[in-house]
Every structure is written in C-alpha cells, then in structure tokens.
Amino acid sequence: MKNLKIIFLCLLTLIVGSCDLEEVNPNLASENAFETTQDAQATLNGVYSAMTEANYFGVQYFYLVNLSSGMAVTKKGGAKNNGSENSTTCSLKPTSNNLANEFTWSQGYTIIARANNVINSAVEVENPTTPDERAINDVIGQAYFIRAYIYLNKVRLWGDIPLRVDLISSETVHLAKSSEKEIYTQIISDAQNAASLMNGSMGLGYPKKYAANMLLSKLYMTLATAPESLKEKTSAEYWQLAYDEAKKVYGQYELVDEYISLFTAADGSNTEESIFEIQSSLGGASLDLVRSFTPSNFTKAKTFGRLLANAEVYDLHYDTYPDDPRFDATYITTFTQPLKNNKLFQTYPDHSKTKNRTRNKLKFKDFLTGFPMVHKLGSKNQENTSLEGDQNFIVYRYADLLLMLSEISNELSNGEQMGYVTEVLDRVGIAPQSGYTGGQESFRSAIMKEYQFELLLEGQDWFTNRRRGFDYFTTNIIEPHNNYSKFNGEVDVTFATDEATVMRIPFPEAEINGNEEISN
C-alpha cells in the first residue's frame, strides 16, 4: 500500500491545476465559455497555452525526444560524455527520475485535462448556421486533435499508459494503465472527430482539419510496422489507410521558397508550409527552447547551446548531399562570439581550435569541439540581447507530409514515390540520391534517411527512428554510431543495445510512486 497519496494529490497541480482537483486556468470551460466566438477562442487558447510551457514544447519535450533519439548529445548535465544526461538519455538509457521524462509526462496530462474540459463541457452543434456555432465546433474539434496528438506521443514513448478522457475527480485520481491497443483506438476516434469538426473558424495560427488527417496518417504508418498484437488489419491495409489520409492533405499547403526561412522569427511563422504550429505568444513569453538551443556565446544574451548532433549524423548528410543548402539552417560549426571580443569558435568538422587534431585524437576536454552544433531551433540574430526569441515552432509541416507520401507509396508500389520526394529536394536544388533508383528496399532506406536530412531534431526523430522496430533501429542507428570509424571514446557516448532499454522511455518515478493503480 503506497503512502504517498497526499503528495500525489498535490502533484496533480501539474495535471489539473490545484490540490482540490479543479482546473484553475481562467480560460477554461465555464457556464458561458462557448457563447461567442471570442469566448470559444479564449477557451481554446487556454488549452494551447499549456503546450507552450517549459514542461512541454517550451523545452522539456525536446530534451526528452531529441537527446534520446540516437542523433544528439548535449552539454546539459556536464560538457563531457560521462555527464548526467550523456551517460543516460543520450546513451539511450533514460531514467525514470529524469526531469525531462517526468515534466513531459505530467505536462502532457495537463494538456489532456484541459482538452477533456472542452470536450466534456462544450456541446457540438449538429448543423451549425452561424459563425459562433461554427467556432464552437472548431474549438471542440481542436480539443479532440490536441488530445489525439498528446496521446500519440505518449503511447509511442511509454507504451501502456493511463487513458484519461473524463474530467479528473477524487474518484479517478488513481487510474490503471490501458493497453497500447486501447490507446490507439482512442486516438483514431479522437482524430476522426477532429477532422469532422475542425473548420477553420479560428483563423491564422490554428490548425485546420488536415492536421488531423496527417496525424491519422502517421498513426497508420506506425501500425503498419507494429507488432501483430497491436494490429486489427494487415500491414498493407494500414499503408493504404495512411495513404488515404495523407492524400487529403496533399495540395492543401505549399513548400516555402527558402528552407532556412522556416527557422527565422521574421519569416518562419504561420507560413504556407505550416500544418500545425505552436504560437509562442500564447504562453505569454517565447518558447524557452530558443535560448536552450542557441549556441553559447553566439548572441549577446546568455544562451545554453545544449543541442549537438552526433558526428556520424552530420557526415552521412554531407556524404549524401555535399552541396545541400539545408546545412546552413541545421548546423553551425564556426562563428564569432560577440561577448568574447568576437573570438572565433570552431567545432566539428573544423578542429583548428584543437591544432587540427583528427576527431579520433580529440581529448576528454575537447568535448564541445567534437560535434557540430544544431542551429535550427536557436536564435539567428547575433545582436540579440533577449534571453528568448519570438519564433514559433512548427510541429507538422508540408515537407514532412510529402516524405510520408513518398515512403507510403513505395510500400504500396503505386509508382508515385519518386514524385513526392523530388518535390522536397527541388526546393533546395539537389537531385535525389542514387538510393532512390535501386528498387523498393533501397528506396526505403533512402527515404528513411531523408526524414533525417529534412527534419533533423525538430522533435520527430525519436519516433521515426524506432517506427520500423528494434532490428531497424539497431541496424540503422545504434550500430552505425557505436561502430563509426571516427568514434572516439574520449568524447562519444556508447549506445545501449538492449531492446527493452532503447525502445521505450521508462515510466516516471513520480507516477509510479503516486498512482496506486500502477506498480511499474
């Protein structure tokens, strides 16, 4: 019998807002919350604002999924390969008491609780005729979409989890896990409801129904390669469902002209490529990830530079597409430091700071020069003096949808696969790599790497890398890293190889201790 019930009740402030189990956010559902478009929008903003907080998209979600993706290391927890984060999360051995694990878990349920508040409080209008009625339906649809999105993240990260779809009360504080299959069934229902109710009434900055179609396509792609115990259909049927949903999105958006513009505050917000985007302004301040992922001393503000790509990730991209303009948006390897009299900082693959030593000969103290820094999510303005930037974060974008259609079409052998990936590569002026012309298996390998080149560390690598199962993850992520010709035990982490360890995030310690219906 656990004796932490009181502690857990107070911990539910992370989930529902206060120790008396009532949501205290002023924008959430009340008697008059859905009377007008303005009321409905305020209610919806209360749900989305929970996503912008530091414990989710603000920064902690990205620590969790990027650092355990198999693509990155960090200076967080010590700029050395045996630091607290590098020796656990970045080595594919995340712990149950890791802060990013616990915060992402608890904030996910905060977001779900707010979505549940809307879904259980608002009344859908069957045949809306007025703008206010359409707005109410749009808000309900978006609440379904948000709940589906968070649960899709949760089930892929943690597996069997508690399924909360009702308002939390003292009677439902302790809740047993539901099976992965039950969670997927709920997500499908929620996403289908979202697609039928979302109608664009909320306007610019809010997702449309096509975001729900894209989510469903991602889910069906996951089930197509999932263990048989999770399936109710054949793999071929799931690939077809994924195709059908993705095609509903195709042509509804466009690629922006310049890849790098997607990641600048001035040009990258709410573009024609954005399908689902987090508005940093909803949280009252910008996303903290901008400060966390801007290289230290790159701007005049105090930034952290906590995201570094593994060397083999950079080298594979360079070896595949040496003239790819996406490098300039994704990585930064050389820059002057405004707060250090513009002193030059150089890192991998340029080692002039370490007297041109090859990577194999780097020493323990050279950790930061052993990896390219990831510039994509950070500030691009070196004159910036603010701790935070004002750029949004794009969760789903059209380039991803095109790559999905390319992968799906290859599995279906429908002859369309080359066209979709060519659209993505035409933007950056490069021809598809030779792997795309070597048959279905060769194409499969090439398109899986294309996600990496296009979407690196935008929050989806954890899922993409593991979607095809443990054998794929071992062959394409773990072994290429551990056996890399430039691997250096002085600076590199060694990936774990145990399936149970590398394929799931462990259940958060606080949930195990506090929820009497869960033992592990």
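The values are calculated or read from the model by the stated rules, or taken from the named source; none is laboratory data. If you're wondering where the values come from, they're calculated on a predicted model, not measured in any experiment. Please note: Cβ atoms are built from the backbone with ideal geometry, for glycine as well, and neighbour counts cover all protein chains shown. When the accessible area is computed, the model is the full protein with side chains, heavy atoms only, and any ligands, DNA or RNA have been set aside. Shrake-Rupley method; radii C 1.70, N 1.55, O 1.52, S 1.80 Å.
Could you list, in sequence order, the residues of the range 464-491 that are closer than 26 Å to GLU102 by Cα, out of contact with any helix residue (DSSP H, G or I) (no Cβ under 6 Å at 6 or more places or on another chain) and either surrounded by fewer than 18 Cβ atoms within 10 Å (Cβ to Cβ) or among the acidic types (Asp, Glu) (or both)?
Of everything in the range 464-491, just one residue is closer than 26 Å to GLU102 by Cα, out of contact with any helix residue (DSSP H, G or I) (no Cβ under 6 Å at 6 or more places or on another chain) and either surrounded by fewer than 18 Cβ atoms within 10 Å (Cβ to Cβ) or among the acidic types (Asp, Glu) (or both), namely GLY469.
Take the residues in the range 417-433 that are in contact with a helix residue (DSSP H, G or I) (Cβ under 7 Å, 6 or more places away or on another chain) and in a helix (DSSP H, G or I), then tell me which one is surrounded by the most Cβ atoms within 10 Å (Cβ to Cβ).
VAL421
Looking only at helices (runs of 4 or more DSSP H) that fall completely inside the range 57-159, which ones have 3 or more residues that are small (Gly, Ala, Ser)?
So the answer is 99-121, 131-158.
What residue, among those in the range 492-508 that are part of a loop (DSSP other than H, G, I, E, B) and free of Cβ contacts under 8 Å to residues at least 40 places away in the same chain, is surrounded by the most Cβ atoms within 10 Å (Cβ to Cβ)?
MET503
Looking at the range 188-234, which of the residues that are charged (D, E, K, R) and under 19 Å from VAL395 (Cβ atoms) is surrounded by the most Cβ atoms within 10 Å (Cβ to Cβ)?
Selected residue: ASP190.
For (1) assigned to a helix (DSSP H, G or I); (2) open to solvent by 10 Å² or more (accessible area, probe 1.4 Å); (3) at pLDDT 95 or above; (4) of a type outside the set (Phe, Trp, Tyr), each residue gets a yes or a no:
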| residue | (1), (2), (3), (4) |
| --- | --- |
| ASN360 | yes, yes, no, yes |
| LYS376 | no, no, no, yes |
| ASP390 | no, yes, no, yes |
| ALA399 | yes, no, yes, yes |
| ASN410 | yes, no, yes, yes |
| GLU454 | yes, no, yes, yes |
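Please find, among THR354, THR299, the residue that is modelled with pLDDT under 90 and crowded, with 22+ Cβ neighbours inside 10 Å.
THR299
Looking at THR385 and the list (1) of a type in the set (Ser, Thr, Tyr); (2) part of a loop (DSSP other than H, G, I, E, B); (3) at pLDDT 95 or above, which single condition is not satisfied?
Evaluating THR385 over (1) of a type in the set (Ser, Thr, Tyr); (2) part of a loop (DSSP other than H, G, I, E, B); (3) at pLDDT 95 or above leaves (3) as the failure.
Which of (1) open to solvent by 50 Å² or more (accessible area, probe 1.4 Å); (2) farther than 27 Å from LYS154 by Cα; (3) assigned to a helix (DSSP H, G or I) is the odd one out, the single condition SER445 does not satisfy?
(2)
Under 9 Å between Cβ atoms, which residue pairs at least 6 apart in sequence (or on different chains) link something in the range 311-326 that is free of Cβ contacts under 8 Å to residues at least 40 places away in the same chain with a partner that is open to solvent by 30 Å² or more (accessible area, probe 1.4 Å)?
Within 9 Å, the pairs are TYR318/PRO349.
Kindly evaluate THR334 against the criterion of being free of Cβ contacts under 8 Å to residues at least 60 places away in the same chain, within 22 Å of SER261 (Cα to Cα) and surrounded by fewer than 22 Cβ atoms within 10 Å (Cβ to Cβ).
Here the answer is yes, as THR334 does meet what is asked.
Within the range 236-249, is there a residue that is under 25 Å from MET404 (Cβ atoms), aromatic (Phe, Trp, Tyr), without any contact (Cβ under 8 Å) to a residue 40 or more places away in the chain and surrounded by 20 or more Cβ atoms within 10 Å (Cβ to Cβ)?
Yes, the range 236-249 contains at least one residue that is under 25 Å from MET404 (Cβ atoms), aromatic (Phe, Trp, Tyr), without any contact (Cβ under 8 Å) to a residue 40 or more places away in the chain and surrounded by 20 or more Cβ atoms within 10 Å (Cβ to Cβ).
If SER485 satisfies all but one of (1) under 21 Å from the mean Cα position of the chain (by Cα); (2) in a loop (DSSP other than H, G, I, E, B), what's the number of the condition it fails?
All conditions pass for SER485, except number (1).
Filtering the range 175-187 down to residues that are open to solvent by less than 40 Å² (accessible area, probe 1.4 Å) and not polar (S, T, N, Q), which residue is farthest from GLN142 (Cα to Cα)?
Result: GLU180.
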